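Report on the structure given below.
The values are calculated or read from the model by the stated rules, or taken from the named source; none is laboratory data. The shown structure was predicted, so the numbers you read here are calculated from the model rather than taken from an experiment. Virtual Cβ from ideal backbone geometry, glycine too; neighbours counted across all protein chains shown. Surface areas here come from the heavy atoms of the whole protein model, side chains and all, with no ligands, DNA or RNA. Shrake-Rupley method; radii C 1.70, N 1.55, O 1.52, S 1.80 Å.
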Amino acid sequence: MSETFIYRFARDLRVDDHAGLASAAAHGAIVPVLVVDRDLSQRLKRSPRRAAFYCSAVAALDAELRARGSRLIVKRGPLAAALRQIARATGARGAAWSASYDGAGIRGDAQLQSALEEAGLIANLVHDAPAVPPEETDAARPSEGAGYRAFSPYYEIWKSMTVGTFEAPVLQRFAASEFASESLPLPSEFDAAADETPDASPSAARARLASFLRERATQYSVAMNVPSDDRTSHLSADLAFGTIAARTVVRETRTRAEDPFLLSEERLSLRLFQRSLAQRDFFLQLGWFHPDTGDAPLQEKMRGFSLARTHSGVDAWREGATGFPLVDAGIRQLRATGWMHPHVRAVCASFLCFDLGVDWRVGRDDWDRHQIEDEPALATGNWQWIAGVGADMAQYPRIYNPERQRRRYDPNGAYVKRWVPELAHVPVSAWPEGSAVAQIALPLFGQTYARPIVDHETAAREFLARYRKFVGD
């Protein structure tokens, strides 16, 4: 029997440009495995759209493996026990898998490594999710310390680094195992409907990238801020579940930027898109080097700052009924689609943290029930950044004025009107402007739009006063 080695798929559901598969292939023919354990099942049950995307991606992965003369072996139950059982049955020398970047995932990886090594198996943990692994940017640090806590110096290093490739490795071959597999996961297993299953295949992800780079990427500088101009990449779920490699996206974006006929504005757009990819890597390395930040602020000085876990307006925020049109439109887009425009995310998160004074973890955990994407380290990094307790090195929190943002980036109300039908036929000049005392409800054909639940200026001043007192300014 030829030597075999297990590759355990998780959030890396493809076979091309795959660092983990390359690592496994160095030990022998790959036995492709997917284990649905309790932790994975709970995360998928949290968001029905996430579960549907995941199941579609798994089915596409199995189809690709079958086209290569293999198949995906599916097991349900405790992860370490399942891998040990498959290793015994197939003669595999060990297992490889892609690293996690959140605290719970990192601890789980360490426990799995110990369990496999105690059983006499090789356990290889591989960096596949980021375009540039954390150790590579850390090795380039000019000073001592674990990773980068500020984005600007990280980005200077990141953009100078060569992004590797694992396309079509010579040694990669898949074993045709006879091991009995359980059925592929279906959305109904995670309490999700199966009638809206998306195309989450790697081919669809590559098509989305190609279309974006060909048609929309050169307008990204506008699209990243203007929510009605829906021309962002829409690759967040693909990157989160690994149906496309971040390395692939970065390399192809850099190649696109080499076009000598691009205008200066188009080059700027491509640089800004690359910067957003770098920020994704930045938050992953933050989670890698600071795994305790899932429940505690990265900024030690802010760990004693009192944050409310509830507020009379939290339910209105969750439902998209705050009386602030841009905030409500964003929340309703998320609840309807599993995705929200990136700039509107910042405005909605800022509103919860500063206008309502509510703990950023409340918002992160609530959105986790609606989002398709699934990368806890990114969610934590982004929420802490907005809340002013994470990697943002600004002297004071960046408090977005939701009405000023709407007037600047959605001046004719196109985005708001799409998601807030109560305002679709109301003149923009009559919309609420953020004063809880000056506005009245707007009736429309029996529908009533909420009045603002807080006065933004008052809430912002009160929060900043409390913040200054705490930090001793």
Handout entry: All positions within region 282-293 that are open to solvent by less than 20 Å² (accessible area, probe 1.4 Å) and at pLDDT below 95
Key = 293
Exercise for the section: Considering every residue within region 137-146, establish whether at least one is open to solvent by 50 Å² or more (accessible area, probe 1.4 Å), among the acidic types (Asp, Glu) and not in a helix (DSSP H, G or I). Expected result: yes
Problem - Of the criteria (1) crowded, with 20+ Cβ neighbours inside 10 Å; (2) within 30 Å of residue 254 (Cα to Cα), which one residue 73 fails - result: (2)
Fill in the blank from the handout: Per the list (1) in contact with a strand residue (DSSP E or B) (Cβ under 8 Å, 6 or more places away or on another chain); (2) on the phi > 0 side of the Ramachandran plot; (3) crowded, with 18+ Cβ neighbours inside 10 Å, residue check on residue 17 breaks on (1)
Fill in the blank from the handout: Counted residues in region 317-336 being of a type in the set (Val, Ile, Thr) and not in a helix (DSSP H, G or I) come to 1
Handout entry: Members of region 325-340 that are hydrophobic (A, V, I, L, M, F, W, C) and either surrounded by fewer than 23 Cβ atoms within 10 Å (Cβ to Cβ) or over 13 Å from residue 421 (Cβ atoms) (or both)
Key = 326, 327, 331, 334, 336, 339, 340
Practice task
Among the residues of region 452-470, write down those that are within 11 Å of residue 354 (Cβ to Cβ), surrounded by 14 or more Cβ atoms within 10 Å (Cβ to Cβ) and of a type outside the set (Asp, Glu).
Solution key: 454, 456, 459, 460, 463, 464, 467
Exercise for the section: Return yes or no: is residue 96 under 17 Å from residue 5 (Cα atoms), in contact with an Asp or Glu (Cβ under 7 Å, 6 or more places away or on another chain) and open to solvent by less than 50 Å² (accessible area, probe 1.4 Å)? Expected result: no
Handout entry: Where residue 199 falls short, out of the listed (1) open to solvent by 60 Å² or more (accessible area, probe 1.4 Å); (2) in a loop (DSSP other than H, G, I, E, B); (3) closer than 29 Å to residue 66 by Cβ; (4) out of contact with any helix residue (DSSP H, G or I) (no Cβ under 7 Å at 6 or more places or on another chain)
Key = (4)
Practice task
For region 392-409, state whether one or more residues are open to solvent by less than 10 Å² (accessible area, probe 1.4 Å) and in a loop (DSSP other than H, G, I, E, B).
Solution key: no
Completion exercise
Quick count over region 163-188, residues being open to solvent by 60 Å² or more (accessible area, probe 1.4 Å) and at pLDDT 90 or above, is 8
Problem - Long-range neighbours under 7 Å by Cβ, at least six apart or interchain, first residue under 16 Å from residue 322 (Cα atoms) within region 395-419, second among the aromatic types (Phe, Trp, Tyr) - result: 402/324; 402/351; 403/324
Handout entry: Any chance residue 93 is touching a residue at least 24 places away in the same chain (Cβ under 8 Å) and either on the phi < 0 side of the Ramachandran plot or not charged (D, E, K, R) (or both)
Key = yes
Completion exercise
For region 177-232, the count of residues that are polar (S, T, N, Q) and more than 30 Å from residue 404 (Cα to Cα) equals 8
Problem - Identity of the residue in region 87-118, part of a strand (DSSP E or B) and of a type in the set (Gly, Ala, Ser), that ends up nearest to residue 42 (Cα to Cα) - result: 98
Problem - Complete set of residues in region 119-136 that are without any contact (Cβ under 8 Å) to a residue 12 or more places away in the chain and assigned to a helix (DSSP H, G or I) - result: 135
Exercise for the section: Kindly list, by first and then second residue, each pair from a residue in region 298-314 that is within 18 Å of residue 452 (Cα to Cα) to a residue that is modelled with pLDDT of 95 or more and among the small types (Gly, Ala, Ser), limited to pairs with Cβ atoms under 9 Å and residues at least 6 apart or on different chains. Expected result: 311/357
Practice task
Working carefully through the options 335, 364, 369, find the one that is among the basic types (Lys, Arg) and under 20 Å from residue 227 (Cβ atoms).
Solution key: 335
Practice task
For region 219-271, please list each of the helices (runs of 4 or more DSSP H) lying entirely inside it that holds at least 1 residues being farther than 26 Å from residue 134 by Cβ and either aromatic (Phe, Trp, Tyr) or open to solvent by less than 20 Å² (accessible area, probe 1.4 Å) (or both).
Solution key: 220-223
Handout entry: Test: residue 317 is in contact (Cβ under 8 Å) with a residue 12 or more places away in the chain, open to solvent by 10 Å² or more (accessible area, probe 1.4 Å) and more than 19 Å from residue 465 (Cα to Cα)
Key = no
Fill in the blank from the handout: Sole miss for residue 302 among (1) on the phi > 0 side of the Ramachandran plot; (2) more than 18 Å from the chain's Cα centre (by Cα); (3) not polar (S, T, N, Q) is condition (1)
Fill in the blank from the handout: Among residues of region 111-124 being of a type in the set (Gly, Ala, Ser) and open to solvent by 50 Å² or more (accessible area, probe 1.4 Å), the residue farthest from residue 6 (Cα to Cα) is 114
